[in-house]
Ligand SMILES: O=C(O)[C@H]1O[C@H](OP(=O)(O)OP(=O)(O)OC[C@H]2O[C@@H](n3ccc(=O)[nH]c3=O)[C@H](O)[C@@H]2O)[C@H](O)[C@@H](O)[C@@H]1O
C-alpha cells in the first residue's frame, strides 16, 4: 500500500522513478503510434481552438443579437412611453437599480407625481432575484418599464440615451452590503467602480447631459469617532472595500463634474430599511430567522459595547432623493464638452437618532410576538463599523429634508409588509397576527 502511494505521489515533485518514466513512455507511444496520428490530433486541436475563438468574438461583437432582452421597435416604444412625463415640466429619469429596494420606491414616487421613469437593473443574484422580479412586476403594474441590463453595457446605455433625452439620472445600481466584500471583492469593483464610470461616460456624451443624483453611503465615514458624522468630516479611512468603492465613487463623480460639467449630487444613505427591503440586511434576516425559530447572531463591539446604527426609513430616504432631483441644477456640458462650472453636492441622508442592534431585536420581537434566540458574538473584523450617526443639517437647509419615521413605527410597517408578502403560519398563536397584518397591508 505504502509503495503504491509512493509511486502515485512522489515525495519530491518532478522526481519520478526511472522505471515509471519508461512505462509512461511506452504508453505514450502506444497512444500516438505514428507521427501521422499526432499530426491529425494537432490539426484537430487547432481547429477546435480556432472555432472557439471565432465563436467568442462573434458573441462579443453581437451582444445585441444574443441579448434578446433589449432592442427593437416595440422595446423603444415601451421606453418612450415610460419616460414621458405626465405633468407639465416633469422630469424624464433614467433610474438604475430600479428593481432594488430604494430604486423601486423612488421609481414609484416619481411616477406617482407624473414624472417619466425608465428603470435599468441587471437582476443579479446577490440576493433572491424573485424579490427583484416581484418589485419589477409592482413597477409594471404602475406602467414603469424596467430594462434588464447592466450599467457596464455601454452599448445599451448609448441606445437608451439615443431613444430618450433623459433630464436626470438617478443612479442607485450598486453592489451593496458591507461584509460581502470579503467574499466577492470583484463584484464591488465591477458595479461600483467600472459600472459607475461606464454610466458617467454615457452621461457626459449625452446631448443634453442629464443631472445625476447617486447613492453613496454612510460607510465612507469609516473609522471616524466624532459624531454626528458631518459631510465636512474626513472620509479617507474606509473600513471595508464596499466603503472604499463608494468613496472612490465620490472622487470619480467629482472628476466628471470638473472635466465635463456634469451636475452631481451624492447621497450618503444611513442603513435604509423598510417594506420591500434587502434580505441581506440585519433587520430583514433577523425577522426571517425569528419567525422560523432559528437563532440570530448579534455582533458586539469592543469592551462589550453594543453596535448602533442610524437606521433610516425608506419613505424618508425617498423624500431626500426626490428633493435632490428637484434641486439639481442642469449639467453645463453637452456631447462630451464642458461649457461652464456645474453643481457638485454631497448630503447625508440619515435619521439622526442611532439605535443599538439589541434594541432593534427587541422591537422586532414585540412586533412579531416571538422571542428571538440570540447568539452574541464579538464583531468580526470584516468591514463593520461600531456606530453611525448622521448630521443632517446640510440636507435640511438645502433639500428641506426632515425624517419623520422612528425605528418603532418603521419596523412595524416593515413587519406588516413581510408577513403579507411571505405569509406566516408556523405556530397557531401567530396565525391571527399574520392574517391581520396581511389584511392591513392590502388595505394600505
Ligand atoms: O449605511 C450604509 O451605508 C450601509 O448600511 C447597511 O450596512 P449596515 O449598516 O452594516 O447594515 P446591516 O448589514 O443591516 O447591519 C446593521 C447592524 O447589524 C449588525 N449585524 C448584522 C448582521 C448580523 O448577523 N448581526 C449583526 O449584529 C451589524 O454589525 C450592524 O451593526 C447596508 O447593508 C449597506 O449597503 C449600506 O451602504
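Some points to look at:
- Near-label residues of the stretch 218-244 by backbone N, under 16 Å of a point 7 Å along Cα→Cβ of residue 305: 222-229
- Counting beta carbons within 10 Å around each of 171, 105 and listing the fewest first gives the order 105, 171.
- The stretch 178-243 versus the stretch 327-346: alpha-carbon centroid distance in Å: 20
- FRET efficiency estimate (nearest 0.05) - Cβ-Cβ, residue 412 to residue 77, R0 51 angstrom: 0.75
- Which of 82, 187, 107, 217 has the fewest Cβ neighbours within 10 Å, and the rest in rising order: 187, 82, 217, 107
- When both bridge partners sit in the stretch 164-315, DSSP labels roughly 10% of those beta bridges antiparallel.
- Between residue 362 and residue 258, the FRET efficiency estimated from the beta carbon spacing at R0 = 60 angstrom works out to 0.80.
- Residues 111, 190, 258, sorted so that the one with the fewest Cβ neighbours within 10 Å comes first: 258, 190, 111
- Cα gyration tensor category, rounded, prolate or oblate, for the stretch 248-370 with a/c compared to 1.5: prolate
- Rounded to 5, percent antiparallel among DSSP beta bridges of the stretch 251-378: 20
Quick note: the coordinates plus some simple rules give every number you see, no bench work behind them. These numbers come from a predicted model, not from an experiment. With ideal geometry, Cβ positions are generated from the backbone for all residues, glycine too; neighbour counts draw on all protein chains shown.
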